[in-house]
Structures are given as structure tokens and as C-alpha cells.
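Have a look at the structure below, then the notes.
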Amino acid sequence: MMKAQALKKKHPVFLMKMVSDRADALFAQRVGTLGVTAPQCRVLMHLESRGGGPVSQKELEQYLGVSHTTVKGLLQRLEEKGYVRTAFDSADG
């Protein structure tokens, strides 16, 4: 059992997850005072990179690599905090 756990810890995917978790923790320390999470900040950074103009929810789903439901939740929380404004777009589905 110990050998299997040791091998798992050396697996590249496991190591990538550890790096990702650490990066999220460091990120939270840096921007925690803004009241946004790392995924919320990724949304804001993407919106800024697009010039602050309209961006579809589908585009955000593809950019973030997450589901419709996840993006919807991110946008709802950002809108509640006053960072974004959402509007219905029939082309966005």
C-alpha cells in the first residue's frame, strides 16, 4: 500500500495538481482582499483582455474549460459584488 501511494505522489498529474493547489493558495493570499476567488479573477482578466466589451457565456465556458453551470455561478457572484453586469443574449443560448 505504501509503495502505491509513493508512486502516486510521483505521477505527473498528481504533481501538477499539487502545483495548481499551491498556486491557488498563493493567489488567494494576494487578491483575497478584493473578495474574489482565483476562478472569478480569471473571468475578470479575460474580460479585461477583451477590452471590457460584451463576452458570451459560451466564450467564457471555452476559455475557462468549465461547464455552463459553473460560469453562470461565477458570473452571478461577480455581479453581486459589482464587478460585472450580465444581460440576456439570444445568440448565447
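Rounded to the nearest percent, how much of the accessible area of the chain (1.4 Å probe, protein heavy atoms only) is carbon and sulfur?
So the carbon and sulfur contribution to the accessible surface is 59 percent.
Do any trypsin sites (Lys or Arg not before Pro) in segment 28-93 lie in a loop, going by DSSP, with at most 14 other beta-carbon atoms within 10 Å of their beta carbon, and if so which?
Here the trypsin sites (Lys or Arg not before Pro) that fit, given the DSSP loop and packing criteria, are ARG50, LYS81, ARG85.
Got a sec? What order do THR70, THR33 fall in by accessible area at 1.4 Å, biggest, i.e. largest, first?
THR33, THR70
With every protein chain kept in place and ligands, DNA and RNA left out, what is the accessible area per residue of segment 21-93? Probe 1.4 Å, answer in Å².
Result: 71 Å² per residue.
For the residue pair SER56 and VAL19, what label-to-label distance in nm results when each label sits 7 Å from Cα along the Cα-to-beta-carbon direction?
For the pair SER56/VAL19, the computed spacing is 3.3 nm.
Return the FRET efficiency for the residue pair GLU79, PHE27: r is the Cβ-Cβ distance, R0 is 30 Å, and the value is rounded to the nearest 0.05.
My answer for the efficiency is 0.90.
The values are calculated or read from the model by the stated rules, or taken from the named source; none is laboratory data. In this text, all values refer to a predicted model and were calculated from it rather than measured experimentally. Here the Cβ is made from the backbone with ideal geometry for all residues, glycine too, and neighbour counts use every protein chain on show. Calculation scope for accessible area: heavy atoms of the full protein, side chains included, ligands and nucleic acids excluded. Shrake-Rupley method; radii C 1.70, N 1.55, O 1.52, S 1.80 Å.
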